[in-house]
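Scroll down for the structure; my scribbles are underneath it.
The values are calculated or read from the model by the stated rules, or taken from the named source; none is laboratory data. None of these values were measured; they are calculated from a predicted model. Cβ placement follows ideal geometry from the backbone for every residue including glycine, while neighbour counts extend to all protein chains displayed. For the accessible areas, the whole protein counts, side chains as well, though only heavy atoms, and no ligand, DNA or RNA atoms are used. Shrake-Rupley method; radii C 1.70, N 1.55, O 1.52, S 1.80 Å.
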Amino acid sequence: METIHPSSGQQDLLADLDEIVVLNHATQGQRFANYLIDLIVTYLIAFGLLFLLGVGISLNGGDTEDLPDQTGLYYLAVYSSLILYTSVMEAFNKGRTIGKLITGTYAVKNDGQPLDFGTALKRSFSRIVPFEPFSGFGAAPWHDKWTDTTVVKK
């Protein structure tokens, strides 16, 4: 719908806007707190997975010392926990992880729309890029830039 001002003959450029979205971005302090809290949760989940794996191996008569590459298993558990935890939480909890619940923030698309599972999954995979956490000290972390998302205050 195009409206013209009768007196000037000019087009009203804002006539088609149904809603203007104003995002109140989270501070770097809130983002850092989110990172630390979610990192702790991720490691607790990974520890739980590794503990259950060890118990399962022991109950089946195996010896956990026989695991061929414990370091690789550790990294697999941590990265799997990170991807599953953040993807599921952000996709099905309105952009919130435990860290974001505590700090009163949530993740959204840059246009203010809620995250879908695909976008949450992309954010999670972006987080495992080496040195990605350090990008949070800049204007926006890489996982936000690469997925056209941001974290805002509630």
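Residues in region 81-95 that are open to solvent by 70 Å² or more (accessible area, probe 1.4 Å) and part of a loop (DSSP other than H, G, I, E, B): Lys94 alone. Thr147 meets each of the listed conditions (1) of a type in the set (S, T, N, Q); (2) open to solvent by less than 60 Å² (accessible area, probe 1.4 Å); (3) part of a helix (DSSP H, G or I) apart from (3). Scanning region 69-80 finds no residues that are closer than 25 Å to Asn24 by Cα, open to solvent by less than 60 Å² (accessible area, probe 1.4 Å) and touching a residue at least 12 places away in the same chain (Cβ under 8 Å).
Only one entry of Ser80, Ser135, Ser124 meets the criterion of being modelled with pLDDT of 95 or more and among the small types (Gly, Ala, Ser), and that entry is Ser124.
Taking region 95-118 as the range and being without any contact (Cβ under 8 Å) to a residue 12 or more places away in the chain and more than 10 Å from the chain's Cα centre (by Cα) as the test, the residues that pass are Leu101, Gln113, Gly118.
Tallying residues that are hydroxyl-bearing (Ser, Thr, Tyr), open to solvent by less than 50 Å² (accessible area, probe 1.4 Å) and not in a helix (DSSP H, G or I) within region 96-136 yields 2. Listed by first and then second residue, the pairs linking a residue in region 40-55 that is of a type in the set (Gly, Ala, Ser) to a residue that is part of a helix (DSSP H, G or I) and open to solvent by less than 70 Å² (accessible area, probe 1.4 Å), with Cβ atoms under 7 Å apart and 6 or more places separating them unless they lie on different chains, are Ala46/Ala77; Ala46/Val78; Ala46/Ser81; Gly54/Thr64.
May I ask you to list the residues in region 107-122 that are in contact with a strand residue (DSSP E or B) (Cβ under 6 Å, 6 or more places away or on another chain) and within 19 Å of Thr42 (Cα to Cα)? Once the filter is applied, which keeps residues that are in contact with a strand residue (DSSP E or B) (Cβ under 6 Å, 6 or more places away or on another chain) and within 19 Å of Thr42 (Cα to Cα), region 107-122 yields only Ala107.
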